[in-house]
Amino acid sequence: MILLIFILLPVFKAQAQNNLNQNELTFSAPYLYSFPKTSNISVSKLDTNKFVIAFRNDGYGGKGVSLIGEISEGNVIFGPPEFFDEGVVGEVKVQGLSPTKFVIAWQDEKHGGIGKTIVGEVNYNFISYAESYTFNDKPTEELSITSFNDYDCVIGFSDGGNFGKGTVKRVKVIGNLVTMLNEEVFSDFQPDFNTFIRLSDTTFAIPYYNNSENDVRIRKGSISFDSVFLAEEQIMISNSVDQLVVTGLFGNKFSFSYVNQGCEITKKGVSFSEGFSFGKIDTVLSGNTGNVELTSLDANHYLHIVNYENDSAYVDIVTVNGILQTSAQDQSFEKEISNIVLTALSHERFIIAYSDDANNNSGKLILGSVSYMPGYFFDISAFLEGPFYDTAMNSNSDILPELQPYCFDTPNYCGNEYLSAIPDNIVDWLLIDVRESAGGPLMPTSSNSIFRQAVFISNGGTVLSSDALSIPFAEFSQGENIYVVLYHRNHIDIMSAYPLVDVNGIFEYDFTTSSLNTYGGLNGCSELNSSVFGMTAGDADGDGEIGNADKNEIWLNQLGSTGYLNSDLNIDGNVDFDDKHIFWDLNSGKSSQVPE
């Protein structure tokens, strides 16, 4: 039978490190929600305090069971169990639609593994079901389900009635009725590790392992009122994998991990209108890696669990800055477990559900919470004089390097910011340097730097993080005035003339509207148009001065060449006399006003 425990258990705190100088995790003691032999667990959020669990209970004949969990005064209480299938279930996936409704997709093993779905309605902590629906009447594997609102869903699966082809079906839920709409094949070969992730209100991504070519591919999908559509596929990982997990980070960003020969490798991805783009490898965890799970908390944080075979499970919170990541904590929370599922309920709260292998595979659950150190966004506007024309900058993203270009003597920044495909609206790479000072603008020298990162600048003048999509984000404890410095490889660097003001976690600054916004005024910037200002072009050797060396040693040697070159001051891909006559002749003698 199924045993539900309603005891409210105490909360313990994971060991803190450096006391608020990093993001910290807190875990409750385990709650028992099912006994024994609980497997194929799936959990989904209903609201920030309520969630639904669906699973297979082999102690009760392999039946499909579901129940509601609710957080009350920091503790978890459970509603009564309800069967969604009294036969035998295989894979199970549950997806919340609203605080009072969810949908389950599963394999009906009693009837040959066909694919079924059902809508559950929630009243307080009680579940009621109507009729189930068959969405695939042949053997069905590799289930995934994603919702877009209270009624629009897509279900992904491997269709055993069509040679195991990867298939996505459009589903609409009205009340407790399910309407099956069109379907599309996303893989002509039987795929593994299908994980559909929502990108926006109408778009999603389908990463999957292609058994035919032994690589990982990804396709973008979109929905209309009654149909699903697929774009062309791209190669995501060009080698075989033993496991693949993906989580969306909101705003068309996602993170993914894969396991190859016992090692876990993590990367970031971004979706643009042109397709997908990927960062470099962030981390490599060596070891005998078992299960890996990810879940996003917000656009800049996600949770990561790795369950080493025959060892403990570890969880850490990861901060994403553009295309880069940093891990704040690696904390063991349990041993001898399997079937791990990780689900975020809010920015600060999450659920870890699992089978306790040491206790007859009983279903257990841990409530977790996150304490964040201060995080800030930088909404910065600037222009580069070279590519500026009329009211914006011309862009030529085809010539830009995938890896950031600032690993040289000055500014000597060798970060791993990398984007495999750069979108059309990007003008060039920049380097942002955030400095802190108790005094005025003479004080924030390079020794006062608290955050540096390679970033992009768009043709409209917005400074974007290395994902070319979001604005830069940094975590630090502010104690003094904040100034921002921008470096460019062939323009004079600039610094804010005034401290930036924090408004609800956003530092906003516009260099373009007045020369007085740049430290040093017109000595530190150029007037590009009537009352429009920008960074001064001509510093081809990047030494902070526009002089003869920029002309004679850089421009003259590169004259007539094409590509991504420092003497190409207007960034059109060509080094010609325009670069010298329009910019070097005009700006010769100018130098950086930024305190060293």
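Bear in mind these aren't lab numbers, they're just calculated from the coordinates by the rules spelled out. Only a predicted model underlies this, so the values are computations on that prediction, with no experimental measurement involved. Note that we place each Cβ from the backbone using ideal geometry, even for glycine, and neighbour counts take in every protein chain shown.
Per-residue HN-Hα couplings for the stretch 273-285, Karplus 6.51 cos²θ - 1.76 cosθ + 1.60 at θ = phi - 60°, whole Hz, x for Gly and Pro?
3J(HN,Hα) across the stretch 273-285, in whole Hz: 4, 7, x, 9, 9, 10, x, 7, 4, 7, 9, 10, 9.
Treat every Asp and Glu Cβ in the stretch 376-587 as -1 and every Lys and Arg Cβ as +1, leave all other atoms uncharged, and give the resulting dipole magnitude about the Cα centre to the nearest 20 debye.
Using Cβ point charges on Lys, Arg, Asp and Glu, the stretch 376-587 gives about 300 debye.
How about the chain: what cysteines have no other cysteine beta carbon under 4.7 Å from their own?
153, 263, 525
For the chain, what is the charge dipole size about the Cα centre, in debye to the nearest 20, if Lys and Arg each add +1 at the Cβ and Asp and Glu each add -1 at the Cβ?
Roughly 1760 debye, rounded to the nearest 20.
Ranked highest first by average number of other Cβ atoms within 10 Å, how do 469-475, 496-502 line up?
Order by mean packing, descending: 469-475, 496-502.
With a 10 Å radius around each residue's Cβ, average the other Cβ atoms per peptide and rank 572-578, 252-258, highest first.
Packing proxy ranking, top to bottom: 252-258, 572-578.
Could you work out the relative contact order of the stretch 376-587? I mean the mean sequence separation of Cα pairs under 8 Å and 6+ apart, divided by the number of residues, in percent.
Worked out over the stretch 376-587, it gives 23 percent.
Considering the dipole of the chain built from charges on the beta carbon (Lys and Arg +1, Asp and Glu -1) around the Cα centre, which of 291, 431, 441 is farthest to its positive end?
Value computed over the given set: 291.
In whole Hz, with x marking every Gly and Pro, tabulate ³J(HN,Hα) for the stretch 471-482 from phi via Karplus 6.51 cos²θ - 1.76 cosθ + 1.60, θ = phi - 60°.
Per residue, the Karplus-derived 3J(HN,Hα) values read 8, x, 9, 9, 10, 6, 9, 6, x, 9, 5, 10 Hz.
Treat the stretch 376-587 as a sphere of radius equal to its Kirkwood radius over Cα pairs and apply Stokes-Einstein at 10 °C in a medium of 1.306 mPa s; give the translational diffusion coefficient in µm²/s, rounded to a whole number.
92
Restricting to bridges with both residues inside the chain, how much of the DSSP beta-bridge set is antiparallel, in percent to the nearest 5?
Of the beta bridges lying entirely in the chain, close to 95 percent run antiparallel.
Could you let me know the centre-to-centre spacing of the stretch 87-136 and the stretch 344-407, using Cα atoms, in angstrom?
32
Between their Cα atoms, which of 138/364; 220/364; 93/364; 37/267 are more than 26 Å away from each other?
In this structure, 138/364; 220/364; 37/267 exceed 26 Å between Cα atoms.
Taking the alpha carbon gyration tensor of the chain, what are the square roots of 5 times its eigenvalues, largest first, to the nearest whole Å?
Three semi-axes, in Å: 51, 27, 20.
For the stretch 143-192, take every pair of Cα atoms, bin their distances at 5 Å starting from 0, and report each bin as a whole percent.
6, 21, 27, 21, 13, 9, 3, 0
Starting from the Kirkwood Rh over alpha-carbon pairs, what translational D in µm² s⁻¹ does the stretch 406-466 have by Stokes-Einstein at 25 °C and 0.890 mPa s?
The diffusion coefficient I find is 188 µm²/s.
Under 16 Å Cα-Cα from residue 551, which aspartates and glutamates qualify once same-chain neighbours fewer than 8 residues away are excluded?
Once the sequence-local aspartates and glutamates are set aside, what remains near residue 551 is 539, 541, 543, 568, 576, 578, 579, 585.
Averaging sequence separations of C-alpha pairs under 8 Å and six or more residues apart, then dividing by the length of the chain, give the relative contact order as a whole percent.
Over the chain, the number comes to 9 percent.
Please report the antiparallel percentage of DSSP beta bridges with both residues in the stretch 376-587, rounded to the nearest 5.
Antiparallel bridges: around 85 percent, rounded to the nearest 5.
If you take the square roots of the eigenvalues of the alpha-carbon gyration tensor of the stretch 154-306 and sort them as a ≥ b ≥ c, do you get rounded (a/c under 1.5), prolate (a/b over b/c) or oblate?
In terms of gyration-tensor shape, prolate.
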